[in-house]
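Working notes, beginning with the structure itself.
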Amino acid sequence: MNTLKGSMNHQKLVSIFRRILSAPTAPFHEYHVRRTIRDLLTGLPHVSTQGDAFGNLIATYKAGDTPARFCFGAHMDHPGFVRSPRNGKWDFLGGMPPAYLDSGAPIEEFGDFAMWRLPAFELDGTRMTARACDDLIGCASLVCLFHELARLGVATTCHAVFTRAEEVGFIGAIRLAESWPFSKSVRFISLETSLPMPGAMLGQGPVIRVGDGQSVFDHVVTGDMATVARESGICHQRALLDRGSCEATATQFYGIPSAGISVLMGNYHNCGPNGRIEAEFVDLSDVKGMVNLITQLVVRSGSESISQLRLAARFEERINQHRVYERATAARFL
Ligand SMILES: [Zn+2]
């Protein structure tokens, strides 16, 4: 089994998040984020990138012959304004209550798309604020994962997909699942940002999702994440985050066993208090926890499920411990 030496350097992690979260984006206009991710992965040992036919960016870390068990996914878009191909006017793509859309908040144009005019990225203590945490936090976490695997020189294989057009209905993830370019044994894990809810609080660690608003996730992968978090001492939560749905619902629908992890976020989709458009924010310790969790998951996973191995050992131990009682009473059940 591989071992993990230390966690990621703080300055390096922050610089990766700053660059990715500063890149402007909107549904179907993910090219700035995509280029930034590609730049940050270029030249890393054992890492290669390629686009698929839809424009999703696929990254692979491969050192040695161990087959991949996981493909992580994060989406590169964020709700925003895009120039209509029909009439040239702004269309807003993504989930947003009409009252916020009509608030008259200023926007910032980037050619054929626009975002709310908000600070691109700020870090104040442990609070990370950005106009688009959703889901650039997931994208940046995956870039950090690849940097960590390369730094540690881990002998394994692992995939990640940076998808397009999630906010309008998982289109990139659907295209990925339809043309699944990996082995059938590879499991999909969605990285997301989500609304806090009772039992899942901001600042209490990344959330291992039992499911989302539409699906219950693969119990083996979910169990593996919980086992790795527990055994690595990573502060985490486990909850059904059913106030939204993630790409794991799409990939699972197409037959790929899937799971999800979320970092909890304030001002979801830029909807602040009192109808105001605000920057989204997350807690840096939750973000570091997510990077640490996915890194540990890849580093510690062998060819078999770690949670199923632990369960098998525990069940056998319980049976053996109590066999004397079983024997002593067996005659009464004949
Ligand atoms: Zn979203």
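Applying a threshold of 7 Å to beta carbon distances and a minimum spacing of six or more residues, or different chains, the list of pairs starting in the stretch 186-205 at a residue that is within 16 Å of residue 243 (Cα to Cα) and ending at one that is in a loop (DSSP other than H, G, I, E, B) and charged (D, E, K, R) reads 192/135; 193/134; 193/135; 195/243; 197/243.
Consider residue 131 carefully, then state whether it is open to solvent by less than 20 Å² (accessible area, probe 1.4 Å) and basic (Lys, Arg). Yes.
For the stretch 35-51, what are the residues that are of a type outside the set (Val, Ile, Thr) and either in contact with a Leu (Cβ under 7 Å, 6 or more places away or on another chain) or assigned to a strand (DSSP E or B) (or both)? If the condition is that a residue be of a type outside the set (Val, Ile, Thr) and either in contact with a Leu (Cβ under 7 Å, 6 or more places away or on another chain) or assigned to a strand (DSSP E or B) (or both), then 38, 48, 50, 51 are the ones that fit. Do we find a residue being farther than 27 Å from residue 144 by Cβ and touching a Gly at 6+ places or on another chain (Cβ under 6 Å) anywhere in the stretch 314-321? No, the stretch 314-321 has no match at all. Only residues that are free of Cβ contacts under 8 Å to residues at least 60 places away in the same chain and more than 16 Å from the ligand (Cβ to nearest atom) were counted in the stretch 70-87, giving 5. The residue of the stretch 194-238 that is most open to solvent (accessible area, probe 1.4 Å), among those that are under 15 Å from residue 290 (Cα atoms) and assigned to a strand (DSSP E or B), is 238.
Screening residue 191 against (1) part of a loop (DSSP other than H, G, I, E, B); (2) crowded, with 17+ Cβ neighbours inside 10 Å; (3) within 16 Å of the ligand (Cβ to nearest atom) leaves a single unmet condition, (1). Among residues of the stretch 88-108 that are of a type outside the set (Val, Ile, Thr), those with a beta-carbon under 7 Å from a residue that is open to solvent by 70 Å² or more (accessible area, probe 1.4 Å) and assigned to a strand (DSSP E or B) at least six positions away or on a different chain give the pairs 90/83.
Screening the stretch 155-171 for residues that are under 19 Å from residue 183 (Cβ atoms) and not hydroxyl-bearing (Ser, Thr, Tyr) and picking the one that is surrounded by the fewest Cβ atoms within 10 Å (Cβ to Cβ) gives 155. For the stretch 95-126, the tally of residues that are open to solvent by 40 Å² or more (accessible area, probe 1.4 Å), in contact with a His (Cβ under 8 Å, 6 or more places away or on another chain) and either hydrophobic (A, V, I, L, M, F, W, C) or not in a loop (DSSP other than H, G, I, E, B) (or both) stands at 1.
Return a yes/no flag: does the stretch 23-30 have any residue that is of a type in the set (Gly, Ala, Ser) and not in a strand (DSSP E or B). Yes, the stretch 23-30 contains a residue that is of a type in the set (Gly, Ala, Ser) and not in a strand (DSSP E or B). Within the stretch 71-93, being touching a helix residue (DSSP H, G or I) at 6+ places or on another chain (Cβ under 7 Å) and either at positive phi or open to solvent by 10 Å² or more (accessible area, probe 1.4 Å) (or both) holds for one residue alone: 92.
Scan the stretch 271-289 for residues that are under 19 Å from the mean Cα position of the chain (by Cα) and within 16 Å of the ligand (Cβ to nearest atom) and jot them down. Listed by number, the residues that qualify are 280, 281, 282. Across the stretch 242-264, a minimum of one residue is classified as of a type in the set (S, T, N, Q), modelled with pLDDT under 95, within 16 Å of the ligand (Cβ to nearest atom) and open to solvent by 20 Å² or more (accessible area, probe 1.4 Å).
Answer yes if at least one residue in the stretch 18-26 is away from the ligand (no atom under 16 Å from the Cβ), more than 30 Å from residue 222 (Cβ to Cβ), surrounded by fewer than 18 Cβ atoms within 10 Å (Cβ to Cβ) and without any contact (Cβ under 8 Å) to a residue 12 or more places away in the chain, and no otherwise. No: the stretch 18-26 contains no residue that is away from the ligand (no atom under 16 Å from the Cβ), more than 30 Å from residue 222 (Cβ to Cβ), surrounded by fewer than 18 Cβ atoms within 10 Å (Cβ to Cβ) and without any contact (Cβ under 8 Å) to a residue 12 or more places away in the chain. Between a first residue in the stretch 322-333 that is in a helix (DSSP H, G or I) and a second residue that is β-branched (Val, Ile, Thr), which pairs have beta carbons less than 9 Å apart while being 6 or more apart in sequence or on different chains? As it stands, the answer is 326/319, since those pairs meet every condition given. Quick check on the stretch 150-157. Is at least one of its residues of a type outside the set (Lys, Arg), in a strand (DSSP E or B) and either away from the ligand (no atom under 13 Å from the Cβ) or over 19 Å from residue 7 (Cα atoms) (or both)? Within the stretch 150-157, one or more residues are of a type outside the set (Lys, Arg), in a strand (DSSP E or B) and either away from the ligand (no atom under 13 Å from the Cβ) or over 19 Å from residue 7 (Cα atoms) (or both). Report yes if residue 272 is free of Cβ contacts under 8 Å to residues at least 12 places away in the same chain and either over 24 Å from residue 66 (Cβ atoms) or not acidic (Asp, Glu) (or both), otherwise no. Yes; evaluated as a whole, the condition is true for this residue.
The values are calculated or read from the model by the stated rules, or taken from the named source; none is laboratory data. None of these values were measured; they are calculated from a predicted model. All Cβ positions, even for glycine, are placed from backbone atoms using ideal geometry, and neighbour counts span all protein chains on display. Remember, those area values only see protein heavy atoms, side chains included, never the ligands or the DNA or RNA. Shrake-Rupley method; radii C 1.70, N 1.55, O 1.52, S 1.80 Å.
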